[in-house]
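First up is the structure itself, then whatever we jot down about it.
The values are calculated or read from the model by the stated rules, or taken from the named source; none is laboratory data. Computed from a predicted model, the values in this text were never measured in an experiment. Note: ideal-geometry Cβ built from the backbone for every residue, glycine included; neighbour counts use all protein chains shown. Just the protein is used for accessible areas: all its heavy atoms, side chains included, with ligands, DNA and RNA removed. Shrake-Rupley method; radii C 1.70, N 1.55, O 1.52, S 1.80 Å.
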Amino acid sequence: MTNTTHKTTEARDAAGVATTSGEAVPEAGHETGHETGQEAGQDRPELQKAIEEIVDSGFTGVHLRVHDDRGQWVGSAGVGKLGESAAPPADGRIRIGSNTKTFTAALVLQLVAEGRIGLDDPVADCLPEFGLDQRITVRMLLQHTSGVFNFTGEHYDDGTVVPGIPWQGREWVDNRFKTYRPEELVRLASSKPARFEPGTGWSYSNTNYVLARLLIEKATGRSLAEEMQRLVLGPLGLSGTLAPETQEEIPEPHAHAYYRYEDAGREKTVDVTRQNPSWISSGGDMISTTQDLHTFTSALLGGKLLPAPLLAEMCTPHPKSGYGLGLFVQDTDGGGTVITHNGGIAGHAALMYSTPDGSTTLTASLNYVDDAAMSLAEPFQKATQRLVKEVFRGGQTGLGGPAGEPTG
């Protein structure tokens, strides 16, 4: 399978479930608010044109940040809220979906460096209550090679679908404030057949990263949010980033997220910016900004968070998927490499790309009208390809998106 398939999947699993009634909003139009924050006198019309084309393809708004050898460029296009004309706020907070996995993986590896967790230790030794296969290791969780059932549902090559927790349509909208405990998500997954024997395949599963959260909490005696603050957010000064767990609000400023569904033969669009993200837990619940995503990925790949041997482990891709430990390693058309993880969650999406040394980065936040038909999946793929090509000079990728399914 291609990386396009792998990463399109995570947008759907991060668009996954949640649950209570939404507020009706105006239908999407063609508002053209835009804001360009070019710094150091840069003129990058190709970047502004690219994000305006993303809006033209159906997205509500885009905020883009690029750091490269020409300096820093920041720009916005579209609107932050339907029915209004203002562009998405500069460095507004956004639900980053499965970009959360990179943060979670980095935190696990920091605990490995501290000697609290062993990368090749059996997970069942630390979390015996879930009856996990004794062969599943910490490394397998981070690389999606454990075979554990994805609690947001499994889609098999023969077309078979085994559902997990509900995550779309009116059921999702009406119940989006429901609280799921991470143990509940893991027990649901444990009640389903494994996708394959541990270590014998690759399949993107949110369950892996909820198990990683429970492993962090068991090994440290503190919550994931506390450990994330101690080892990642605090040291890097990421004041715009948080692990909300069950918190429904996004701190201001932020763009709005929307969901469209059919009810009694009528199409409805509701504002779903407020939701309880516990349904996805550490597989995709974090909130951040384009500035913080830049700071995080450049620091991570620049060697400021992990010892060199562990960073090398993190960036060693699985031969089938290109997935390392919490991130994708993608070759570009120009013969280079980008390190990436993107994510989408019910009307919000985030992009995070970097060169392997962290010197060139592309981070972006997108707001849009999500739906069960994944109508923006193809435009999203084209948009990311265009942006990566512009910034990384020949890059080609289909990673991440606002729609997709966890198929692996």
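Here the Karplus relation 6.51 cos²θ - 1.76 cosθ + 1.60, evaluated at θ = phi - 60°, turns the backbone of the range 360-370 into coupling constants of 10, 9, 10, 10, 8, 10, 10, 10, 6, 9, 7 Hz, with x for every Gly and Pro. Between Glu267 and Thr316, residue separation times 0.36 nm minus the direct Cα-Cα distance comes to 13.1 nm. In a simple Cβ point-charge model (Lys, Arg +1; Asp, Glu -1; nothing else charged), the chain has a dipole of about 540 debye relative to its Cα centre. Express the carbon and sulfur contribution to the solvent-accessible surface of the range 99-143 as a percent, rounded to the nearest whole number, probe 1.4 angstrom. Answer for the range 99-143 is 47 percent, counting heavy atoms of protein chains only. Just tell me the longest site-free run in the chain, where the sites are GluC sites (Glu not before Pro) in a DSSP loop having at most 13 other beta-carbon atoms within 10 Å. Longest run free of exposed loop sites: 250-408. Here the chain is scanned for chymotrypsin sites (Phe, Trp or Tyr not before Pro) in DSSP loops (not H, G, I, E, B) that have at most 15 other Cβ atoms within 10 Å, and the longest stretch holding none of them is 197-408.
Rounded to the nearest Hz, the phi-derived 3J(HN,Hα) couplings of the range 74-84 under the Karplus curve 6.51 cos²θ - 1.76 cosθ + 1.60 (θ = phi - 60°) are 10, x, 9, 8, x, 10, x, 8, 4, x, 10, where x marks glycine and proline. Once the C-beta distance of Glu226 and Arg274 is scaled by a Förster radius of 22 Å, the resulting FRET efficiency is 0.35 to the nearest 0.05.
Annotation for the range 217-247 versus the range 312-339: alpha-carbon center distance of 26 Å.
Over the range 189-334, Cα pairs under 8 Å with separation of 6+ residues give a relative contact order of 19 percent. A simple spin-label model places the labels of Asp120 and Asp174 5.2 nm from each other, with each point 7 Å out along Cα-to-Cβ.
Placing one equal scatterer on every Cα of the chain and applying the Debye formula, the log10 ratio I(q)/I(0) at q = 0.12 Å⁻¹ is -0.86. Going toward the positive end of the dipole of the range 146-246, with +1 on Lys and Arg Cβ and -1 on Asp and Glu Cβ, which of Val148, Phe177, Gly237 do you reach last? With unit charges placed on the Cβ atoms, the residue in question is Gly237. Considering only alpha-carbon pairs that sit under 8 angstrom and 6 or more positions apart, the relative contact order computed for the chain is 29 percent.
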